Amino acid sequence: MSNGSTDADQPSVDVYLPTTNPTQTGVLVIPGGAYGYLAAPEGKPVAIWLQEHGVAAFVLHYRVSPYHYPAEMLDGLRAVRLIRSRASEFHLSEDKIGVWGFSAGGHLASYLMTQWRQPLAPSPDSMDAVNARPDFGILAYPVISMRPEITHHGSHENLLGPSATPEQEAQLSSELHVEENSSPAFLFATTDDGVVPVQNSMAFYAAYVQKHLPIEMHLFEHGPHGVVLAQNLPGPSAWPNLLATWMVRHGWMGK
């Protein structure tokens, strides 16, 4: 339940449809912001990049602090279900709905990729019957874990509050919930990220490898946190093209 009627209390999705979408793919874009705000550069500019590459984009405005878990997860699950339920309207294939999360938005995306079946809704409705599993996930310098030794502490506190139990931390650590049908993944991060430890990406990658799941990861030596598409940043500027190649190879983007 929302506690007010402002924009911050009401989850929403901005829609960016390309002129042509040869693969009928849609991507839910989830900005970061440590679960305390929504980082605008990780929303619209990313949606436009997808749109220019012939992919439909949907930017999620989800609830953040003072809202705590499970509000954020409920907003993400509802958004995937909404897009899939209206796939024909948006000229999408129901089995080509992905997620793309940045930083804390990467944590939310990784949750959707691994725990989409968790029964979180207090009062399920007809929309909750729609499959919420993303068909693929893109994670950019993501928070993955709530374990204190590697988490981003601001995201941890904003999501779980100051009195989180070890059980809650484990439940919200995506690397501990990778299953045989978790979504195919693409990860990008920088080794010297001074905000979100690169160990988050490494832990998720290792969990996928252990389960023999499809995953591709690119770690660059240098780059600050929050580079988004990393234009004009030597090294990481290569990552959007690597992502496009991966999406083309899997049939989620036209050549």
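The values are calculated or read from the model by the stated rules, or taken from the named source; none is laboratory data. The shown structure was predicted, so the numbers you read here are calculated from the model rather than taken from an experiment. Don't worry about glycine lacking a Cβ; one is built from the backbone with ideal geometry, like all the others, and counts go over all protein chains shown.
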Which numbered condition Thr25 misses (of (1) over 21 Å from Gly251 (Cα atoms); (2) buried (at least 24 other Cβ atoms within 10 Å of the Cβ); (3) of a type outside the set (Phe, Trp, Tyr))
(1)
Taking the range 228-255, which residues are surrounded by 15 or more Cβ atoms within 10 Å (Cβ to Cβ) and among the aliphatic types (A, V, I, L, M)?
Val228, Leu229, Ala230, Leu233, Leu243, Ala244, Met247, Met253
A careful count of residues in the range 182-219 that are over 18 Å from Gly101 (Cα atoms) and either basic (Lys, Arg) or in contact with a helix residue (DSSP H, G or I) (Cβ under 6 Å, 6 or more places away or on another chain) (or both) gives 2
Can you confirm whether the range 176-191 contains a residue that is part of a loop (DSSP other than H, G, I, E, B), of a type in the set (A, V, I, L, M, F, W, C) and modelled with pLDDT of 95 or more?
yes
Got at least one residue in the range 124-134 being touching a Gly at 6+ places or on another chain (Cβ under 8 Å) and either surrounded by 21 or more Cβ atoms within 10 Å (Cβ to Cβ) or at pLDDT 95 or above (or both)?
yes
Looking only at the range 157-169, decide whether some residue is closer than 23 Å to Gly36 by Cβ, surrounded by fewer than 24 Cβ atoms within 10 Å (Cβ to Cβ) and of a type in the set (Ser, Thr, Tyr).
yes
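Select from the range 72-118 the residues that are of a type in the set (Asp, Glu) and out of contact with any Leu (no Cβ under 9 Å at 6 or more places or on another chain) and write down the one among them that is farthest from Gln168 (Cα to Cα). Break it down into steps so the answer makes sense when it comes.
Within the range 72-118, the first condition is being of a type in the set (Asp, Glu), and the residues that meet it are 72, 75, 89, 94-95.
From what's left, out of contact with any Leu (no Cβ under 9 Å at 6 or more places or on another chain): 89, 94-95.
Numbers: Glu89: 38, Glu94: 32, Asp95: 31 Å.
Step by step, filter the range 72-118, then rank; the result is Glu89.
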Residue list for the range 146-175, filter: in a loop (DSSP other than H, G, I, E, B), without any contact (Cβ under 8 Å) to a residue 60 or more places away in the chain and more than 24 Å from Pro41 (Cβ to Cβ):
Met146, Arg147, Pro148, Glu149, Ile150, Pro162, Ser163, Ala164, Thr165, Ser173
Looking only at helices (runs of 4 or more DSSP H) that lie completely in the range 17-134, which have at least 2 residues being under 13 Å from the mean Cα position of the chain (by Cα) and polar (S, T, N, Q)?
104-115
Members of the range 199-227 that are assigned to a loop (DSSP other than H, G, I, E, B), crowded, with 16+ Cβ neighbours inside 10 Å and not small (Gly, Ala, Ser)
Leu213, His225, Val227
